Amino acid sequence: PAGPGPDVGNLTQFEYLALNSPLNIADAHARQELTAGQARIIDDLPNLFLKAAELPVEEVEREAHRAYFGLLGQHSYPGDDGRVLACYSSSVAMEILARSLAGAMSSVALIHPTFDNIPDILRGVGLDLVPVAEERLGEDDLDDVLGSVGCVFVTTPNNPTGRVLSEEGLSRLAGQCAERDLVLALDTSFRGFDPAGHYDHYRVLRDSGCRWVVIEDTGKLWPTLDLKVGWLVTAADLGLPVAKIYSDILLGVSPMVLALVQRFSEDAADGGLADLHRFVAENRAVVREGLAGVPGIHFPDPHSRASVERVHVGARSALEVWSSLRDHNVYVLPCQKFHWANPPEGNSTLRIALARSAAPLGEATRALRSVLLAR
Ligand SMILES: N=C(N)NC[C@@H](O)CC(=O)C(=O)O
């Protein structure tokens, strides 16, 4: 095909096209094989189901978020007073947050670039968006931006760049939001992959005095066939109808899924997370070494620890590379639509998923190398 048809309107639609290929390195969902420890949990699912069925839901829920937030260093999260709402996915949490914001403000400052379902969900409830380059957040005074919005929304670690908002950066940004009574919202879906994101964000947010919301996502870490939880966590004084809108959308998620998240979190705390970090680092090396020496390409995010890797393809068109790869039944993600305020910025980059088993990732990387050398 000359290129993707008009029906590819967003990144997720590119990911739909990849879903049935064994060489799908497009979406950031975890599709690698289970580790031995994880396989033992899956073997134990019948008991997990029975335990989840007999315990009070609030107990299953508390055990799950204690294990997950504890694993990732978030010891000051508000686990004891009902401010941790479990959703079917982080995007459901995002939609609930967006509806809550739309009733209280008309515009949001949003990190740029980032995954396009975030601006799409925010625009979908009628909010106007002001892009803020990721490197400015936590660094600049942002006076040119903060005066015209009611909320600042940050994906950290960011997608697709892997950039992490540091503890000092978060503290500075939260202080700026507190001064102006702005809501600070964080999407921390990639947090699990980067120890730089394991400082206690909730202590920093609490101490800043700002109004805050955090969306946590268990979905990208482990190959659980998208059995996952998106947690929507809010400040005590947020002043938005998040709980009410949550109740419009759902009563709660399956205790079975919560019990699974608890067990995978415990396995991760018992060495599994360190193994996962090594696994992703090895896969990142496979991609970088596999493309070494190809003229004109480079890797824009040398410090990223996220389970994705951006490749800049030089003067080539990422969309044309995507189309050539599709002829090999290999699917990557062209980056234009991450640049939601200026898509041409992403014309020459594509994103590769690293949460894949070695064989398909190696085969897809070799196909990418041959396509790049032919252009
Ligand atoms: N609700 C949506 N659109 N889900 C897709 C999202 O999970 C994929 C993603 O975040 C990534 O590939 O980086």
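Structure data summary
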read-out: Candidate lysines for bridging to residue 337, where Cα separation is under 30 Å - those fewer than 8 sequence places away on the same chain excluded; value: 220, 228
read-out: Anchor residue 51: aspartates and glutamates whose Cα lies under 14 Å away (excluding residues fewer than 8 positions away in-chain); value: 59, 61, 63
read-out: Whole-Hz ³J(HN,Hα) from phi, Karplus 6.51 cos²θ - 1.76 cosθ + 1.60, for the stretch 349-363, glycine and proline x; value: 10, 9, 10, 10, 7, 9, 7, 9, 5, 4, 4, x, 5, x, 5
read-out: Share, in percent, of DSSP beta bridges within the chain that are antiparallel, nearest 5; value: 45 percent
read-out: Cβ-defined net charge surrounding residue 98, 15 Å radius [Lys, Arg +1; Asp, Glu -1]; value: -3
read-out: Positive-end extreme of charge dipole, the stretch 115-236 - chosen from 205, 138, 236 (charges on Cβ); value: 236
read-out: Cα Rg over Rh - the stretch 241-301, Kirkwood; value: 1.29
read-out: Unit charges at the beta carbon, dipole of the chain: most positive-side option, 21, 279, 299; value: 21
read-out: Only Lys, Arg (+1) and Asp, Glu (-1) charged, at Cβ; the chain dipole about Cα centre in debye; value: 900 debye
read-out: Gyration tensor (alpha-carbon) shape descriptor, the chain, a/c threshold 1.5; value: oblate
read-out: Charge dipole magnitude, Cβ of K and R +1, D and E -1 - the stretch 17-93, Cα centre, debye nearest 20; value: 220 debye
read-out: Sparse-neighbour loop sites [chymotrypsin sites (Phe, Trp or Tyr not before Pro); the stretch 186-274; at most 13 other C-beta within 10 Å; DSSP]; value: none
read-out: Any cysteine of the chain lacking a neighbouring Cys Cβ under 4.7 Å - listed by number; value: 87, 151, 335
read-out: Charge dipole (the chain, unit charges on Cβ, about Cα centre) - positive-most of 176, 162, 328; value: 328
read-out: Environment charge at residue 27 (Cβ cut-off 11 Å; Lys +1, Arg +1, Asp -1, Glu -1); value: +2
read-out: Value at 222 nm in deg cm²/dmol, rounded to 500, when DSSP H runs of n ≥ 4 in the chain each add -39,500 (n - 2.57); value: -12500 deg cm²/dmol
read-out: From phi via Karplus (6.51, -1.76, 1.60), per-residue ³J(HN,Hα) for the stretch 52-69 in Hz, x at Gly/Pro; value: 5, 6, 9, 7, x, 4, 5, 6, 4, 5, 5, 4, 5, 6, 4, 5, 6, 5
read-out: Cut-off under 5 Å, modelled amide H: who pairs with residue 125 long-range; value: none
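Taken together, the values in this text are just the output of simple stated rules run on the coordinates, not laboratory data. What you see is a predicted model, and the numbers here were worked out from it, not measured in a lab. With ideal geometry, Cβ positions are generated from the backbone for all residues, glycine too; neighbour counts draw on all protein chains shown.
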